[in-house]
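Data first, discussion second: the structure below is written as structure tokens.
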Amino acid sequence: MANKDVKPVSMDQEIEQLTGMARDEAILAHQDKIEKEIKESTQLVSEKMPLSVLADEFKSDPVYCQKIDDLLTTHRFIRKTRGDGNCFFRAFGFAYFETLLTDKVELHRFIGIAKKSKEELILLGFPAFTLEDFHDTFMEAVRSIQDKPSLENLVETYCDQGISDYLVVYFRLLTSGELQKRADFYQDFIEGGRTVKEFCSQEVEPMSKESDHIHIIALTNALEVGIRVAYLDRGEGGKVNCHDFYEGCIPQTTLLYRPGHYDILYS
Amino acid sequence: MANIAAGRIQRELREVMNSDEAIKNQIKIEFPIDDYSELQGEIIGPPETPYQGGRFKLHIKVPETYPFNPPQVKFVTKIWHPNISSVTGAICLDILKDQWAAAMTLRTVLLSLQALLADAEPDDPQDAVVAKQYKDDHDEYIRTAKHWTTVYAGGNTKNQELEQKVKQIVEMGFEETCAREALSSSCWDVAKAIENLMS
């Protein structure tokens, strides 16, 4: 008869002994804890701050310091977003909506695209009843720009998690919709032998999934909104490289990328 | 519970109750008055599977952060399936974890669970013992899963031989549930099951 003490202990059992929780539960609890820490330390979208705050953050890192100096020749302010995996969508959404505060023509064009998008997404098979929910909240936010174009309101909207996350979800759905509509084109960008549909349900539609180039290409194409991304990374040369999305666009806003995160840049 | 979650859950409950599947009595959701955070779900076992004829009860906990985080779902009815713990009812299903999306609904969840019963993923198991049996001795897995469906979920494929074996071990002074679990894990080999129970 086997003796209980010498039975091999599996990893799951070990975790259970240590934490008093099953493995999945322990992982989720740990993730919750990290999320909570991030939540308490940064706003969803911050106030506009002088770019020197970034220099302070990286003052012990010569590669980044040199690049931040380079960035300072063209940009002076930064608006940070929370690092919760939704930062690209939140940074893009805020920066673009901010341009709409003063650009009536573009706002008019965008309302047209946004209105039309609902039917297109339903045709792609998204459940109408939840989609409507997100679409309505999204349209409400866009219309409030029309009715009351104030930066203060916009900051408030984007810092209210209840509304802000709805906007992120809708941007994610728009991204997924574009990828699926032009699946033949996007298929070549997808790694790991996955179909476009699988990629969308694994990497685009769930909240907190980080964005890659393909997300950016799809969203900027879907809305025909051009952005510039400045790359603050470890690449050589001491200069910040920029890339415009979609290809050949006139960028309306600039985002700052550092590995794993997007913020908004201002000149 | 936050207002967003409560409002949305109310609409979702209506969606489930008015769905074709609910009308055909294939899925069901019940909830206590004015509390939408703890729900009772029910799905029937899909036809042509070992779960056919069974009704499986689920416990659904809706988090404050719903719909941005998934509902937490567990099987209340005991079930023998590679992706569901035979002990705790915990479920391994991507959409209940990192592939949940806010556009999904409780109806999506119930239908996905039914699909999981029809199409297990033994390479991503929740219950390693069941998964191993599923892969190594599939006939034994089917026999055991059918037996559990009958005993716990009201299915109707009685198997006298298996019942007899459970009884044999119960008569030795073991609890019935433990006896059945031990037998199921050891492919209904009575000697092996007893050895496991005594170790």
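Coordinate-derived values only; no laboratory data. Computed from a predicted model, the values in this text were never measured in an experiment. No Cβ is skipped: glycine too gets one built from the backbone with ideal geometry, and neighbour counts run over all protein chains shown.
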ask   = For a paramagnetic label modelled at 7 Å from the Cα of A:Q66 toward its Cβ, which residues of segment A:199-242 fall within the zone defined by backbone nitrogen distances under 15 Å?
value = A:232-241
ask   = When the chain is fully extended, how far beyond the present Cα-Cα distance does B:C187 get from B:K158, taking 0.36 nm per residue of separation?
value = 8.7 nm
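If I take every Cα pair under 8 Å that is 6 or more residues apart in chain B, average their sequence separation and divide by the length, what percent do I get for the relative contact order? All intermediate terms of the calculation are to be shown ahead of the outcome.
Values: 319 pairs, mean separation 33.0, N = 199.
Relative contact order of chain B: 17 percent.
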ask   = If we count trypsin sites (Lys or Arg not before Pro) as exposed when they sit in a DSSP loop and have at most 16 other beta carbons within 10 Å, what is the longest stretch of chain A that avoids them all?
value = A:77-181
query = In nm, to one decimal, how far is the A:M49 label point from the B:D20 one, both placed 7 Å along Cα→Cβ?
reply = 5.4 nm
query = GNM on chain A, C-alpha springs below 10 Å: top fluctuator among A:I216, A:I227, A:I250?
reply = A:I250
message = For segment A:117-225, which GluC sites (Glu not before Pro) pass both filters: DSSP loop (anything but H, G, I, E, B) and at most 10 other C-beta atoms within 10 Å?
response = A:E191
key: Neighbour count of at most 10 Cβ within 10 Å plus DSSP loop: longest GluC sites (Glu not before Pro)-free window in chain B   = B:49-170
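Hey, got a sec? Which GluC sites (Glu not before Pro) in segment A:14-46 land in a DSSP loop and have at most 13 other Cβ atoms within 10 Å? Provide the component values of the computation, followed by the final result.
On the way: sites: A:E14, A:E16, A:E25, A:E35, A:E37, A:E40; in loops: none.
Here no GluC sites (Glu not before Pro) fit, given the DSSP loop and packing criteria.
If you count, for every residue in A:127-136, the Cβ atoms of partner chains within 10 Å of its Cβ, what is the mean? Mind dumping the intermediate values first?
Numbers: counts 6, 0, 8, 11, 1, 1, 7, 3, 0, 0.
Mean partner-chain Cβ count within 10 Å for A:127-136: 4.
With both partners inside the protein assembly as shown, how many of the DSSP beta bridges are antiparallel, as a percent to the nearest 5?
Counting DSSP beta bridges with both partners in the protein assembly as shown, the antiparallel share is about 90 percent.
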Efficiency of FRET from Cβ geometry, A:I250 and A:T73, R₀ 22 Å, rounded to 0.05 = 0.55
inquiry  = For a 28 Å ceiling on Cα separation, which of these pairs sit above it: B:K135/B:K192; B:K28/B:K97; A:K33/B:K132; A:K67/A:K104; B:K28/B:K158; A:K118/B:K74?
reply    = A:K33/B:K132; A:K67/A:K104; A:K118/B:K74
message = Need the full-extension length gain, B:D124 to B:V87, defined as separation in residues times 0.36 nm minus the C-alpha distance. One decimal, nm.
response = 11.6 nm
ask   = Label-point separation (nm) for A:S267 and A:D184, each offset 7 Å from Cα along Cα-to-Cβ?
value = 3.9 nm
request  = Between A:S208 and B:K135, with labels modelled 7 Å along Cα→Cβ, what's the label distance in nm to one decimal, could you check?
outcome  = 2.9 nm
query = For A:K59 and A:K36, FRET efficiency with R0 = 22 Å and r from the beta-carbon atoms, rounded to 0.05?
reply = 0.20
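Subtracting the Cα-Cα distance from 0.36 nm times the residue separation, let me have the gained length for A:H243 to A:E16 in nm, one decimal. Spell out each step's value before the answer.
On the way: separation 227, 0.36 × 227 = 81.72 nm, distance 4.71 nm.
That pair, A:H243 and A:E16, stretches by 77.0 nm at full extension.
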ask   = Along the three principal axes, how long is chain A when you take its alpha carbons, biggest first, rounded to the nearest angstrom?
value = 81, 51, 38
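State the percent of C-alpha pairs, over all pairs in chain B, separated by a distance greater than 23 angstrom. Could you put the intermediate results ahead of the total?
Details: 9184 of 19701 pairs.
Result: 47 percent of Cα pairs exceed 23 Å.
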